[in-house]
Amino acid sequence: MHRLKDSWSSALVIAVLIALWWLVVAATHSVIFPTPMAVLAGAWELAKDGSLWVHIGASLMRVAVGFGLAVCVAIPLGLWMGWVRGAFSTLNPIVQILRPISPIAWIPIAILWFGVGDASPIYLIFISSVFPMIVQTIVGVHTIEKRYLRAAENFSVSRRTLFLRVVIPAVLPQILVGMRIGLGVAWLVVVAAEMIALHSGLGYMIIDARNAGNRYDLVIAGMIIIGLIGLALDGIMRMLEGVRWVRWRYAH
């Protein structure tokens, strides 16, 4: 019931914003900025000729590969750094040096190393999403209540069993938080990379629409589609947080 009420509230706010958008464009008699109906018509035009689905598929493919590689690296590395003090003290300074660097700053290096194909945005997605997941996984390990670890040790539980049966289940919620943050950053970065170095994807679609006759209806349509897909991806990650074996944990 509460979710339904929240959904209606969100829908009402969106409807008001669209109405204001329409009124402002009509009142200013703008010949450049499109109305909501023009944006919808532009999106339908791209959907009919199939180019919209090609661009969406290209962006999602790059995110899936880059983010998947980041998950495969970040989670084991974060668990190791959180569990082994020597690994943390050795590698944490490197992580903290690289983590604040903007993913956009890596674009020239990505082009230099990988050219202007799919490898460049995949690398940018990887480098931008791997660090939030590493840090969040480390935090998850470090915030496990010590009394539970000591209780397991009192029952002569081996370190391997302790790690597999206590540490990993306890860290799962924090891992998912890191994945949620990393996925949001990945989706942001792929659009920026496509605006610079590629000839497909939603980012390229926006720049191409701007350069090919100032089609701002397609520009706004691309922006809205990016936002809707980002909302859907975040919703998928939030659904995973509700899975029973993820909610089981020792850490707060």
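We did not get these values from a lab; they are worked out from the coordinates using the rules stated. Given the structure is predicted, the values throughout are model-derived calculations rather than measurements. Positions of Cβ are generated from backbone atoms using ideal geometry, with glycine treated the same way; all protein chains shown enter the neighbour counts.
Dipole of the chain computed with +1 at Lys/Arg Cβ and -1 at Asp/Glu Cβ about the Cα centre; of A58, G201, P132, farthest Cα towards the positive end is P132.
Of H199, H55, H29, the residue with the greatest mean-square motion in the GNM of the chain, using alpha carbon springs below 10 Å, is H29. Distance between the C-alpha centres of region 39-102 and region 122-150: 15 Å, rounded to the whole angstrom.
How many Å³ per residue does the convex hull of the Cα positions in the chain occupy? Each step should come with its number before you reach the end.
Details: hull volume 40.1 nm³, N = 252.
Normalising the Cα hull of the chain by residue number yields 159 Å³.
State which stretch of the chain is the longest one without any exposed chymotrypsin sites (Phe, Trp or Tyr not before Pro), exposure meaning a DSSP loop state and at most 11 other Cβ atoms within 10 Å. Please list the in-between numbers first.
Numbers: sites that count: F155, W248.
Here the longest run is 1-154.
The angle between the Cα long axis of helix 119-142 and the main principal axis of the chain comes to about 40°, on a 0 to 90 degree scale. Picking from R215, R159, R238, which is most flexible by a Gaussian network model of the chain using Cα springs under 10 Å? Among R215, R159, R238, the largest GNM mean-square fluctuation belongs to R159.
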